[in-house]
Protein chains: 2
Amino acid sequence: MPATADELVALLDLETIDLNLFRGQQPNTTMQRVFGGQVAAQALVAATRTVPDDMAVHSLHSYFMRPGDTSVPIVYDVERVRDGRSFTTRRALARQHGRPIYAMTASYQRVEEGFDHQDPMPEVPSPAESTDIAAALSKPGSEHRQEWLREWAALELRHAGNPTPGARSRYWVKTAQELPDQRLVHEAVLTYLSDMTLIGVALVPYGRTPSSPDVQVASLDHTIWFHRPFRADEWLLYDQSSPSASGARGLALGRLFTEDGRLVATVAQEGLIRPR
Amino acid sequence: MPATADELVALLDLETIDLNLFRGQQPNTTMQRVFGGQVAAQALVAATRTVPDDMAVHSLHSYFMRPGDTSVPIVYDVERVRDGRSFTTRRALARQHGRPIYAMTASYQRVEEGFDHQDPMPEVPSPAESTDIAAALSKPGSEHRQEWLREWAALELRHAGNPTPGARSRYWVKTAQELPDQRLVHEAVLTYLSDMTLIGVALVPYGRTPSSPDVQVASLDHTIWFHRPFRADEWLLYDQSSPSASGARGLALGRLFTEDGRLVATVAQEGLIRPR
């Protein structure tokens, strides 16, 4: 996976094959399957390339249908479902070997003003007071943890206090280096990082993680509502909870806040969490 | 709109035009535009007709793109995006006058068991202790309220206690009469009723409703995660809240619980809430 913010930006910068048709490259990785956040972020970039500059994405809804193959690029077909005055809709289908692996619909809005409210940010230690996850993970020095740190080196993560009881998890996250000023880069990076750990919160009540050997975990869908402007190279609190698990599936909800408490995005993901 | 549970079931029973192609009728209504819950429920029925009987819908994600015309039927095109062993995916596109008005993706799972947890149901008065919304609305006797009651006569609604501060709203809901025992009927009816009031909760902090003259309201997307079995002809608590509004959009989250406290579905909807 990209080791720096620059490498991450390059991964999310697609090649244009034809009108509405794009190709995304693969990073160096030891991961067996394509990381869902990468597909989602690349699909968002593909869809957004077909939308006028004065419109911004306000939501995306998507399904993961097949595991991606890390050895070949991913092709993104964008369908211009609707072009409206206020809202514009795109569908993007990601495929490999001629088969769809991921389907996204995204909606864009011409910027306007209106009512404003938000849930308050939970009380957590500031990033400066929080423990770096890399430091915490490198201490025990297991090979698995070292590998995890190498894969996610483009991001900095800090535990935001001790986990509360129940299915909840909180950390601070941002890119390790500065990002360029284009809005789409920040939206795509948020999309990328939003899939990293989310479904794991559904396993917290069972003392397991997505890498536990006795559970099979896979993202099924992924949804983001973008509420307010933000930068992905500044600290974001990712507050995650799981309201329900049943039928070998878990639902996870996430909220991303800036350090000064603005709610910038809500994320939802259902995942397969199947006992082996 | 349908005045009885039987009429509602008939509205959601589509005509098959060809393989993967269906047509949905319109109800008698004084509404200016097609009710979003009707399109969503009909699209779910269309998609589910193409899926093996031993699979059940576990989620749907959708976008409203254009207002529907109540004077002509709606045509539903279903695309069999993926048929898998455990999971199957369908896309459905609703159209009128040759233009797409609504796009849904739905995912189906072969029933399996696994981990189980859920958020507890909030403490509210039971349906027996709650005020019937029809009784409450018919007292003042305004024409608007009488009309509202006629449109939604297929459903019974009861206020579940007094609204708490902030953007929250709770009521009990079920069909006015018994429904047949087919699972899809109950899933489609839940989908229908889940769009009835949801976005209104984003207006609660501003003392407005979707029928306030100084605000333009329209559903933008609609998502349901189905967690556990239920009947739509038995009371369901619909607990609604709005975590955020900004940019003339509001996000609303809903949770549906059975009377004995089982969480059966989570609903999410973003809507346009534009001050006029």
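Couple of notes before you dig in:
- Per residue convex hull volume, Cα atoms of the protein assembly as shown, in Å³: 147
- Linear extension gain, residue B:99 paired with residue B:123, 0.36 nm per residue minus alpha-carbon span: 4.1 nm
- Sequence of A:259, B:156 when ordered by accessible area, the most exposed leading, probe 1.4 angstrom: A:259, B:156
- Total accessible area lost when A and B pair, probe 1.4 Å, Å² to nearest 100: 5100
- Averaging the sequence gap over all C-alpha pairs within less than 8 Å and six or more residues apart, then dividing by the number of residues, gives region B:1-134 a relative contact order of 23 percent.
- Rounded if a/c under 1.5, otherwise prolate or oblate - region B:1-148, Cα gyration tensor axes: oblate
- For region B:38-116, the list of trypsin sites (Lys or Arg not before Pro) that fall in a loop by DSSP and count at most 13 other C-beta atoms within 10 angstrom reads B:85.
- For the axis carrying chain B to chain A: nearest C-beta residue of B, whole Å: B:61, 2
- A Förster radius of 41 Å, combined with the Cβ-Cβ distance separating residue A:54 from residue B:49, puts the computed FRET efficiency at roughly 0.50.
- Over the residues of chain B, the helix contribution to mean residue ellipticity at 222 nm works out to -5000 deg cm²/dmol, using -39500 (n - 2.57) for each DSSP H run of at least 4.
- Carbon and sulfur %, accessible surface of chain B computed with the full protein complex present, 1.4 Å: 49
- Counting only heavy atoms of the protein chains and using a 1.4 Å probe, residue B:22 has close to 10 Å² of accessible surface.
- Note on residue A:101: accessible area approximately 10 square angstrom, rounded to 10, probe 1.4 Å, nucleic acids and ligands left out.
- In nanometers and ordered shortest first, the copy-to-copy spacing of the residue B:69 label point, defined 7 Å from Cα toward Cβ, is 4.6.
- The distance from the alpha carbon centre of region B:1-64 to that of region A:52-76 is 28 Å, rounded to a whole number.
- Unit Cα scatterers, Debye sum, region B:204-276: log10 I(q)/I(0) for q = 0.21, 0.22, 0.26 Å⁻¹: -0.90, -0.94, -1.12
- Copy-to-copy label distances for residue B:145, where each label lies 7 Å from Cα along Cα-to-Cβ, are 6.4 nm in order of increasing length.
- When chain B is treated as a GNM with alpha-carbon contacts under 10 Å, the residue of B:37, B:261, B:247 showing the greatest mean-square fluctuation is B:247.
- Accessible surface, the protein assembly as shown, averaged per residue in Å² (probe 1.4 Å): 40
- Length released on extending from residue A:71 to residue A:113, taking residue separation times 0.36 nm less the Cα-Cα span: 10.7 nm
- Mean separation of Cα contacts under 8 Å, 6 or more apart, over the residue count of chain A: relative contact order %: 19
- Taking all protein chains together, B:54, A:260 sort by accessible area into A:260, B:54, largest first [probe 1.4 Å].
- Taking 0.36 nm per residue of separation and subtracting the Cα-Cα distance, full extension of the segment from residue B:23 to residue B:131 would add 35.1 nm.
- With a Förster radius of 41 Å applied to the C-beta separation of residue B:211 and residue A:178, the computed FRET efficiency comes to 0.30.
- Simple spin-label estimate for residue A:147 and residue A:168 in nanometres, 7 Å along Cα-Cβ: 3.3
- Solvent-accessible area lost in complex, 30 Å² minimum, residues of region B:56-78 relative to chain alone, 1.4 Å: B:58, B:61, B:63, B:65, B:66
- Accessible area ranking (1.4 Å probe, heavy atoms, ligands and nucleic acids excluded), largest first, for B:33, A:276, B:23: A:276, B:33, B:23.
- Relative compactness, chain A, computed as alpha-carbon Rg over 2.2 N^0.38 Å: 0.97
The values are calculated or read from the model by the stated rules, or taken from the named source; none is laboratory data. This is a predicted model, so every value here is computed, not measured. Note that each Cβ is placed from the backbone with ideal geometry, even for glycine, and that neighbours are counted across all protein chains shown. Quick note on the areas: whole protein, heavy atoms, side chains included, nothing else; ligands and nucleic acids left out. Shrake-Rupley method; radii C 1.70, N 1.55, O 1.52, S 1.80 Å.
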